[in-house]
Amino acid sequence: MKEMFRHIPKIKYEGSSSKNPLAFKYYDPDRIIMGKTMKEHLPFAMAWWHNLSATGSDMFGVGTADKSFGAGIGTMEHAKAKVDAGFEFMDKLGIEYFCFHDVDLIPEGETLAETNARLDEITDYIKEKMVDTGKKLLWGTANLFSNPRYMNGAGSSNSLDVYCHAAAQIKKAIDITVKLKGKGYVFWGGREGYETLLNTDMKFEIENIARLMKMAVEYGRSIGFKGDFYIEPKPKEPMKHQYDFDAATAIGFLKEYGLDKDFKLNIEANHATLAGHTFQHDLRISAMHGMLGSIDANQGDDLLGWDTDHFPSNVYDAALCMYEVLKAGGLKNGGLNFDAKNRRPSYTMEDMFYGFILGMDTFALGLIKAAKIIEDGRMDQFVQERYASFHNEIGVKIRNNQTNLQELSEYAEKIGTPELPGSGRQEYLESIINSILFD
Ligand code: XUL
Ligand code: CO
């Protein structure tokens, strides 16, 4: 088989003083951090769609990158060439996992039967490669947003026929995820939302989405899927409003419809910031509910109001992300999927590697620094002490739900006017973080 990235060697760890652009400066897979190797802490994944399919096209121009891998676009030969390229790419970077949408793998056929036969063929090929290389599927999903039929979403569509077509696509995507022993199955609500409430029955749509997810869980479990289902929240884009707005909204939905035992969240940095939160906020909300499942590792641009899917370079955010992950006990079935793409002018094959080297080094540094923040202990201690007043008798009663407004009123009268709460010390804490990040 022909080598696709002939001029690229295996990427090795060379340390922070290395000037070799094709080397890791911080990602040292075997280095032990808090009792586990970096590789175990950071289950990196390649997103099929950005890395092997997308060429950098935008609404103002066609793509700049050539992702033909020596085959004609739109053919099964090309689909196989992408598999070859993807496995070589993962091998050269030492990445263990990949993620896909059904139609990232093959050109969609005229009929479901044709598409499904192509999916069978390509997943046979992928399976062989997985056996040969030990690479694994982090999660699969169905693309229920690109085809014009999904203009109003899939579960949220007003069309019964489109709803059923989506069901068929989900069924098949679960089949191939199970066939490839995927650890997760994602629902990103591509167009599950609305453009205007003037034409929308929101209650109807949300209930229909829940029904579709329930059927997906029932089907998945019936064919032996033991992994996690995930919702990947996003507030807008492509729709004006998307129902899985953010982590808190998605958790409320999952609990309302009894889906919370089977689902966790896949938190994407750029989606959290689009929702007006920090990345850390949505990770914390998920972790608080025991629902931090997996991560789409990327970042947005402060000056742009859309999902730019940059490769992560912000060590501050990566450190706070890994702080949340370490505190949550790690990612169990999940991983760090680079749902990220090169900028349009970075169109060469080398750039594909530079993107991943940047992202992997950023998260390696983030992990190193997060472990230092935890080992340093000052932040955690400060937070603990900040709530210390709740340790007295009445505080304990509140926390155990053993009191009432009458008793609290009597307490308030007895103590007189309360003193001001202790200082929040934000600037002090920020300087601790800086001293750890930049020492
Ligand atoms: C889109 C996005 C998707 C999901 C999978 O913003 O993040 O690629 O990750 O459907
Ligand atoms: Co994503």
(message) How much length would be gained if the chain were fully extended between Thr200 and Lys10, taking 0.36 nm per residue of separation minus their Cα-Cα distance, in nm to one decimal?
(response) 63.2 nm
(request) Positive end of the charge dipole of the range 380-437 (Lys, Arg +1 and Asp, Glu -1 on Cβ, about the Cα centre): tell me which of Ser389, Leu429, Asn400 has its Cα farthest that way. (result) Asn400
(request) Would you work out which of Gln169, Asn158, Tyr97 lies farthest towards the positive end of the dipole of the chain, given +1 charges on the beta-carbon of Lys and Arg and -1 on that of Asp and Glu, about the Cα centre? (result) Tyr97
(message) I'd like the antiparallel share, as a percent to the nearest 5, of DSSP beta bridges with both residues in the chain.
(response) 15
(request) Any chance you could check the Cα centroid distance between the range 408-425 and the range 1-49 for me, in angstrom? (result) 53
(request) Kindly report the accessible area of the chain per residue (heavy atoms of protein chains, probe 1.4 Å, no ligands, DNA or RNA), in Å². (result) 48
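Find the percent of Cα-Cα distances in the range 91-148 that exceed 16 Å, and round it to a whole number.
Value for the range 91-148 (Cα pairs over 16 Å): 49 percent.
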(message) Using Cα springs under 10 Å in a Gaussian network model of the chain, which residue among Ile33, Ile223, Ile295 shows the largest mean-square fluctuation?
(response) Ile223
(request) Could you tell me how many degrees, from 0 to 90 and to the nearest 10, lie between the Cα long axis of helix 426-437 and the main elongation axis, the longest principal axis, of the Cα atoms of the chain? (result) 40
(request) Could you give the spread of the C-alpha atoms of the range 219-328 along their three principal axes, from largest to smallest, in whole angstroms? (result) 45, 34, 23
(message) Under a Cβ-only charge scheme (Lys and Arg +1, Asp and Glu -1), can you give me the dipole magnitude of the range 12-376 about the Cα centre, in debye to the nearest 20?
(response) 780
(request) Of the listed pairs Lys82/Lys214; Lys183/Lys397; Lys10/Lys171; Lys67/Lys226; Lys10/Lys183; Lys39/Lys127, which have alpha-carbon separations greater than 31 Å here? (result) Lys82/Lys214; Lys183/Lys397; Lys10/Lys171; Lys67/Lys226
(request) Per DSSP H run of n ≥ 4, the term is -39500 (n - 2.57); total these for the chain, divide by its residue number, and report the mean residue ellipticity at 222 nm rounded to 500 deg cm²/dmol. (result) -14000 deg cm²/dmol
(message) So if I take the centroid of the Cα atoms in the range 274-294 and the same for the range 98-159, what is the distance between those two points in Å?
(response) 27
(request) At 7 Å along the Cα-to-beta-carbon direction for both Glu410 and His391, put a label point, then send me their distance in nm to one decimal. (result) 2.6
(request) For Tyr13, list long-range residues whose amide hydrogen, built 1.01 Å from N in the peptide plane, is under 5 Å from its own amide hydrogen. (result) Phe24
(message) Can you give me the % of accessible surface on the chain that is carbon or sulfur? Probe 1.4 Å, all protein chains present, nothing else counted.
(response) 54
(message) Cut-off 10 angstrom, C-alpha nodes, Gaussian network model of the chain. Which of Leu408, Leu283, Leu105 fluctuates the most?
(response) Leu408
(message) Report, to one decimal in Å, the Kirkwood hydrodynamic radius for the range 380-437 based on all distinct Cα pairs.
(response) 13.8
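If you average the sequence gap of Cα pairs under 8 Å that are 6 or more apart and divide by the length of the range 12-376, what percent do you get for the contact order?
It rounds to 18 percent for the range 12-376.
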(message) Taking 60 Å as R0, compute the FRET efficiency from the Cβ-Cβ separation of His289 and Glu3 and round it to 0.05.
(response) 0.85
(request) Any chance you could run the full-extension gain for Ser68 through Glu350? It's 0.36 nm times the residue separation minus the Cα-Cα distance, nm to one decimal. (result) 100.0 nm
(request) Mind pulling the angle between the C-alpha long axis of helix 76-93 and the longest principal axis of the chain? Nearest 10 degrees, somewhere in 0 to 90. (result) 50
(message) Placing unit charges on C-beta atoms (Lys and Arg positive, Asp and Glu negative, everything else neutral), compute the dipole magnitude of the range 81-207 about its Cα centre in debye, rounded to 20.
(response) 380
(message) On a 28 Å Cα-Cα criterion, which of the cross-link pairs Lys255/Lys332; Lys203/Lys234; Lys25/Lys264 come out too long?
(response) Lys25/Lys264
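Quick check on the chain: what does the Kirkwood estimate of hydrodynamic radius come out to from the alpha carbon pairs, in Å?
23.4
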(message) Taking R0 as 35 Å, what FRET efficiency do you get between Met379 and Thr417 from their Cβ-Cβ distance, rounded to the nearest 0.05?
(response) 0.65
(request) Can you tell me which of 56-66, 373-383 comes out highest on packing, and rank the rest after it, using the mean Cβ neighbours within 10 Å? (result) 373-383, 56-66
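The values are calculated or read from the model by the stated rules, or taken from the named source; none is laboratory data. The structure displayed is predicted, hence computed values, not measured ones. So basically every Cβ, Gly included, is an ideal-geometry build from the backbone, and we count neighbours across all protein chains shown. Accessible surface areas use protein heavy atoms only, side chains included; no ligands, DNA or RNA. Shrake-Rupley method; radii C 1.70, N 1.55, O 1.52, S 1.80 Å.
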